[in-house]
Amino acid sequence: MAMTGTAPWRSPLRAPPPTPSRGYNSRPRGLVPAQCRPWPRPSLSSAAVACPRSEEMARLERGSLVVGGRELLERAPPSVALRRPAVVASPGDAAFLGATAPAPSSRHVFSLGTLASGWKWLSLFRFKIWWMIPTVGEDAAGVPAETQMLLLESRSEAGAALYALMLPVLDGGFRASLQGSPENELQFCFESGDPEVQTLEAVDAVFINSGDSPFKLMKESIKMLSKIKGTFSHIEDKEIPANLDWFGWCTWDAFYKSVNPVGIEEGLKSLCEGGAPPRFLIIDDGWQETVNGFKEVDEAFIEQTVFAERLIDLTENDKFRGETCKNLGDHVKKIKEHYGVKYVYIWHALHGYWGGVLTTPDAMKKYNPQLVYPVQSPGNVANLRDIAMDSLEKFGVGIIDPAMIYDFYNDQHSYLSSVGVDGVKVDVQNVMETLGKGFGGRVALTQKYQQALEESITRNFKGNNLICCMSHNTDSIFSSLKSAVARASEDFMPREPTMQTLHIATVAFNSLLLGEIFIPDWDMFHSKHESAEFHGAARALSGGGVYVSDKPGMHDFSVLKKLVLPDGLILRAKHAGRPTRDCLFNDPVMDGKSLLKIWNLNKFSGVIGVFNCQGAGNWIYPVKENAHVPTTVCITGDLSPSDVELLEEIAGDDWNGETAVFAFNSCSLSRLQKHQTMEVSLSTMTCEIYTIALIKVFGGFVQFAPLGLVNMYNSGGALENVTSTGDCSEITIQIQCRGPGRFGAYSATRPEICSVDEHEVEFKHTDDGFLAFDLSHGSSQDNLRNIEILYRAS
């Protein structure tokens, strides 16, 4: 179907300047060479660095970049300069690297020099346009194109670690990324995505900072950047959607695009009847009114055009109008009333549908759509090409006029809200970076769409109910002022056995960056699958939502009941699950020797998941010539309570460093000091979850640490409050714990009485200090059990 012509809102001559960032030295990029501005500094030599010179501050002198007193880069060209942000008081090494070119362009590649010896690095890079994965190395040449985060570690002769962070960011209408070169140089690419949007200067292109804790470094850096740039917010400054605390079900892998009302009801019914009621539902792709206009042109192209289908209306398709339900509103009302669903989300693409919108229907004409053809960055095609982008490049995208995009979202979301839908999952977001030509560039177009989306969500839905998906470019990440949930990896792929370990490693590592800006969504999984325990345990540590995509009747409730309470609540941890410090620069998938440890915190305990991801699959980039042959590898490593960062946040002043470590699968209990270690041995595709409970002394004579519900993966997530009353002769420990389930604790001495909701219960106490008893179903609406454990001094 031929659709040509130039829309009046697409100027081929000049694009509007991007919206300036707030709170920093923001000025519009030059749109043509005559408008390129000189860098506002005394000279362009690297010696002209306006920052104090001390061991605590980054400095660039004679081509050498020093952070934290150690050389990070050497032989940096004279065109590279360092600038310290003036607006925000930035302690330590926080600064920006920039560079100038001899002539203006819409795309520059600048050398930063070579990495100094003694550093190893972790890169989060986009292996395809939609998604990031991690990789590790030591030489600059190995840094992949489209690196969006580079975390580095150097150790002194005494073993003290220094961490350096390099974040390529948005700078006006340009976006930076890092990459290595065959000459072993570290480079940054600086591009606008529009040939008409040019510059010869990159001012604040690469943010650098350093510190002695990688997690503190990440948090402080992202908070600082959010204030300097003003285009995004830290996760602590966002409203968190309430559905994250409830178990969910997504229709995608259950039905794919064949989703229908009868199937949805069957799935909800089977999960409810099995004791894992979904309170959160995502109706994924397949509900919209779309058309594949290419079928009538040439049948040979049908397979190629699957991603070029276009949206023709904002309302539901015929599957949701008929005998089984009158319309979408009737269906939503029914499933909420009959199955107790609290939150219904529905899927759509950022630009309407995969191929955008059809330009001819009356329902779409009001948004002034235009057919455009994506242009990918050289960085994208340097890694893996994507079948969806191949299709869109060939058949085009029907894009909404950016001036009308808020109206488009508002019309769609107001309709969905009026029929009872509570939120949306918005997919295919990174496509915007390929459509910037004629619209002011990729950053300007992305921010226009993102701002309109967030404004519409705020207006039409309660609770910031939005999931961002296929959005792993920094154009989107660093333009998210309100969006609080984002998918952390490529899809769970139930039919790909070699992808399961990659998925777990990817979501954990990607959460290092994403977890400071979003609640990372580790995606759905199948509860009845050979990898179900592996995925289920990981989801319990993720700090995000837990939902499955089981086909109706195809469930393993022995897995689900370790994640979901009978009322549908999950035990969500406090932060984003991330690799432990000693795992950050190892390859947990392919080095044949490293276990993956993921840590998180609850209100009163830490939790560590240990996963053997070796042998089951290979990273899918770079592409291997030979198919991977899965093998089983048994690996032994160690675990320490100190692997849980930020334990002091929950410890209080009365903790002496002793912990009770409970292993979920083996049901074993150990007592360890914070820096002691224990051995862990696991075979491929197996895992163990450890609750790290803090032992405290109550009444001067009772050593006690509550574990929580020991029948749940994240046992400590069930604990809501721990207090005590009494004196040196008699003490009662009072605990509020969610239930029902099996409550467990470490108790050095045997208690006199255990009671639940003022009723005495039988308990078990073993020589290793393991105390346990059952919490029955309660009458309270929130299923909180009030536990009292009485001790008397002997």
- Averaging sequence separations of C-alpha pairs under 8 Å and six or more residues apart, then dividing by the length of the chain, give the relative contact order as a whole percent. 10 percent
- Message: Taking the alpha-carbon distance from Lys219 and a cut-off under 25 Å, which lysines remain once sequence neighbours fewer than 8 residues away in the same chain are dropped?
- Response: Lys120, Lys227, Lys229, Lys238, Lys482, Lys574, Lys597, Lys603, Lys674
- Any trypsin sites (Lys or Arg not before Pro) in region 590-660 that lie in a DSSP loop and have at most 14 other Cβ atoms within 10 Å would be Lys593, Lys624
- Note on the structure: Here, Ser668 and Thr315, labelled 7 Å along Cα→Cβ, have an inter-label distance in nm of 6.3 nm
- Any aspartates and glutamates with Cα under 14 Å of the Lys462 Cα? List them, leaving off those in the same chain fewer than 8 positions away. Glu239, Asp422, Glu454
- Item | Estimated 222 nm signal from helices in the chain, with DSSP H stretches of n ≥ 4 weighted -39500 (n - 2.57), rounded to 500 | -5000 deg cm²/dmol
- Note on the structure: A correct Karplus calculation of ³J(HN,Hα) over region 527-534, with 6.51 cos²θ - 1.76 cosθ + 1.60, θ = phi - 60°, whole Hz and x for Gly and Pro, returns 6, 10, 6, 4, 9, 4, 5, 4
- Message: Let me check I've understood the local charge: for Phe280, count other residues with C-beta under 10 angstrom from its C-beta, Lys and Arg +1, Asp and Glu -1. What total comes out?
- Response: 0
- Item | Neighbourhood net charge (9 Å Cβ-Cβ; Lys/Arg +1, Asp/Glu -1) for Tyr367 | -1
- Message: For Cα pairs less than 8 Å apart in space and 6+ apart in sequence, what is the mean separation divided by the residue count of region 59-230, i.e. the relative contact order in percent?
- Response: 26 percent
- Item | Zone of Ala748's modelled label, taken as backbone nitrogen in region 631-663 under 19 Å from a point 7 Å along Cα→Cβ | 641, 651-662
- Message: On a straight-distance basis, which lysines could pair with Lys334 in a cross-link, Cα separation under 19 angstrom, same-chain partners fewer than 8 positions away excluded?
- Response: Lys269, Lys319, Lys326, Lys342
- Message: Per residue, how much accessible surface does the chain expose to a 1.4 Å probe? Answer in Å², no decimals.
- Response: 36 Å²
- Message: Given R₀ = 35 Å, what would the calculated FRET efficiency be for Tyr415 paired with Asp757, taking r from the Cβ atoms and rounding to 0.05?
- Response: 0.15
- Query: Each residue of region 148-160 in turn: what ³J(HN,Hα) in whole Hz from Karplus with 6.51, -1.76, 1.60 and θ = phi - 60°, glycine and Pro shown as x?
  - Reply: 10, 8, 10, 9, 10, 10, 10, 10, 6, 4, 7, x, 6
- For the chain, rounded, prolate or oblate, judged on the Cα gyration tensor with a ≥ b ≥ c (square roots of eigenvalues), a/c < 1.5 rounded, else prolate if a/b > b/c? oblate
- Taking a 24 Å limit on the Cα-Cα distance, which of the listed pairs Lys333/Lys425; Lys128/Lys528; Lys216/Lys425 fall beyond it? Lys128/Lys528; Lys216/Lys425
- Using DSSP loop states and a limit of at most 14 other Cβ atoms within 10 Å to flag GluC sites (Glu not before Pro), what is the longest stretch of the chain containing no flagged site? 324-529
- Note on the structure: Note: probe point = Cα of Lys216 + 7 Å toward Cβ; backbone nitrogen < 14 Å; residues of region 537-578 passing the test are none
- Query: Let a ≥ b ≥ c be the square roots of the eigenvalues of the Cα gyration tensor of region 59-230; is it rounded (a/c under 1.5), or, if not, prolate (a/b larger than b/c) or oblate?
  - Reply: rounded
- For region 713-794, just say rounded, prolate or oblate: build the C-alpha gyration tensor, square-root its eigenvalues into a ≥ b ≥ c, call rounded for a/c under 1.5, and beyond that prolate if a/b exceeds b/c, oblate if not. prolate
- For Thr677, net neighbour charge (Lys/Arg +1, Asp/Glu -1) across residues whose Cβ lies under 11 Å away: -3
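The values are calculated or read from the model by the stated rules, or taken from the named source; none is laboratory data. Remember, it's a predicted structure, so these values are computed and weren't measured experimentally. Don't worry about glycine lacking a Cβ; one is built from the backbone with ideal geometry, like all the others, and counts go over all protein chains shown. Accessible surface is based on the protein model in full, side chains and every heavy atom, while ligands, DNA and RNA are left aside. Shrake-Rupley method; radii C 1.70, N 1.55, O 1.52, S 1.80 Å.
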